[in-house]
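See below for the structure under consideration.
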Amino acid sequence: MLGAGCGAPAQEAPSARWWKGNLHTHSLWSDGDDYPEMIMDWYKTQGYHFTALSDHNVLAEGERWVNPAERRHGRTALEKYQARFGADWVTVQVEDEDTLVLLQTFDAYRPLFEEPGRFLVIRSEEITDRFEEKPIHLNATNVQELIPPQGGNSVREVLQNNIDAVLDQRARTGRPMFPHINHPNFGWALVVEDIMFLQGEQFFEVYNGHPAVHNEGDSLRPGTERMWDIILAERLTRGEPVLYGMAVDDAHAYHERSTSVPNTGRGWVMVRADTLSPEALIDAMETGDFYGSSGVTLADVRYDGSTLHLEIEPEEGLTYVTQFIGTRRGYEAAGEPLALSEAGAATVTRRYSDDIGVVLAEVAGPSPSYRLSGDEIYVRARVVSSRLKENPYREGEYEMAWTQPVVP
């Protein structure tokens with residue numbers, strides 16, 4: 001077991017096991033192109049254990065009708081929906097020659113799918129805000145009440161205000177929930193300085209399966225893994241908490257399988273907990289006992305206080321290379337300011353040292369490990385499979401997994 005993000009050995013619960021889940025996806029309640037029940041049915045039949053529909057600035061509450069003729073693949077979606085769930089479940093009415101379909105609420109569809117120890121439906125919201133022209137999105141997992149976008153006078157203030165709103169609801173309701181930062185390079189909205197100084201934020205998306213989110217960055221802007229390393233080095237050097245990395249689908253498109261659209265099955269988290277409940281899953285994630293994956297499965301991840309051990313579940317015919325990545329104490333401080341211009345607006349970040357986020361060791365095989373030398377600020381692992389990902393979000397993508405950083 002990883003421990004509480006601080007590198008201390010921890011005792012694994014006797015019944016702890018891995019649970020597979022996706023915490024970012026969309027339905028017809030916002031800009032997805034399928035009905036919530038169809039989406040839940042897909043995830044459950046594909047072997048997921050938990051899923052959260054995180055529609056933009058809305059919870060699946062109250063009465064809402066959609067016109068299939070006005071939605072992408074709307075008629076196809078309705079035909080599939082009716083075939084799967086039947087006329088007794090699907091409510092259709094004709095109004096002024098338009099066919100309208102009633103969207104089922106969270107409380108209505110949840111009992112269709114939930115099974116103790118097998119499948120859990122989590123209420124979620126993608127709080128969708130902006131500053132000037134920059135899209136700023138955060139998910140609130142296990143949210144109990146709608147959180148409107150909070151706004152602010154800068155990118156960082158917008159982020160912090162929305163994080164605070166989630167944490168305030170958690171404190172007020174006593175229910176476990178957490179915010180996580182979505183696709184930081186979407187619209188080139190965020191730079192590392194916007195994230196590294198936030199208070200109360202533990203999670204961000206290191207991998208998002210939407211083809212428009214720029215996980216790899218570009219010639220000027222760092223990719224999300226590079227962002228993660230910079231933020232970790234800076235935060236941990238100041239004695240601040242670890243930032244954990246998540247993998248998600250961010251699915252919107254369910255009727256066309258293509259690299260050009262955001263599909264299901266691209267990224268997920270594997271959480272080690274003793275029970276399948278929001279409380280147990282969130283507790284495990286907040287102690288870093290999970291990993292992100294786009295195809296690689298790990299049987300075990302553990303840190304014993306000196307060595308980070310992984311056990312990969314190998315598939316026949318595949319090979320695996322694990323890179324142990326970290327930053328050592330005494331790395332070179334941030335360099336000169338760097339102005340990024342996009343659509344006429346200047347964003348200032350800094351150039352960061354190549355000493356940040358270096359590959360400390362590379363190990364082949366299904367049982368890699370890395371013994372810390374004592375001068376690392378943190379160490380994390382990236383596992384790369386020899387198999388190209390089926391239906392990737394970009395061409396040439398290999399299946400991978402990302403463990404959480406351990407801190408000696």
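The values are calculated or read from the model by the stated rules, or taken from the named source; none is laboratory data. Just so you know, these numbers come straight off a predicted model, no measurement behind them. Positions of Cβ are backbone-derived with ideal geometry, glycine not excepted, and every protein chain shown enters the neighbour counts.
Counting only strands (runs of 3 or more DSSP E) that fall entirely inside segment 59-137 and contain at least 3 residues that are exposed (fewer than 11 other Cβ atoms within 10 Å of the Cβ), the qualifying elements are 92-95. Out of all the residues in segment 197-226, which are among the aliphatic types (A, V, I, L, M) and at pLDDT 95 or above? If the condition is that a residue be among the aliphatic types (A, V, I, L, M) and at pLDDT 95 or above, then Leu198, Val206, Ala212, Val213 are the ones that fit.
Filter segment 246-267 down to residues that are at positive phi and crowded, with 21+ Cβ neighbours inside 10 Å, then give me how many there are. Outline the logic, then answer.
Start the filter on segment 246-267 by keeping residues that are at positive phi, which leaves 250, 265.
Imposing the further condition that a residue be crowded, with 21+ Cβ neighbours inside 10 Å reduces the set to 250.
Qualifying residue count, segment 246-267: 1.
Screening Gly74, Gly86 for residues that are small (Gly, Ala, Ser) and more than 30 Å from Gly187 (Cα to Cα) leaves exactly one candidate, Gly86.
Screening Val158 with (1) out of contact with any Gly (no Cβ under 8 Å at 6 or more places or on another chain); (2) more than 29 Å from Met400 (Cβ to Cβ) gives one miss only, at (1).
The single condition among (1) touching an Asp or Glu at 6+ places or on another chain (Cβ under 7 Å); (2) farther than 27 Å from Val213 by Cβ; (3) assigned by TED's automatic domain parsing to the domain that holds Ala189 that Phe85 does not meet is (3). Does Thr237 qualify as being surrounded by fewer than 17 Cβ atoms within 10 Å (Cβ to Cβ) and among the β-branched types (Val, Ile, Thr)? So Thr237 passes the test. All of (1) part of a strand (DSSP E or B); (2) at positive phi hold for Met270 with one exception: (2). Under the condition of being out of contact with any Phe, Trp or Tyr (no Cβ under 7 Å at 6 or more places or on another chain) and not in a loop (DSSP other than H, G, I, E, B), the residues counted in segment 225-247 number 9. Looking at Leu298, is it modelled with pLDDT of 95 or more, surrounded by 15 or more Cβ atoms within 10 Å (Cβ to Cβ) and more than 25 Å from the chain's Cα centre (by Cα)? No: the conditions fail for Leu298.
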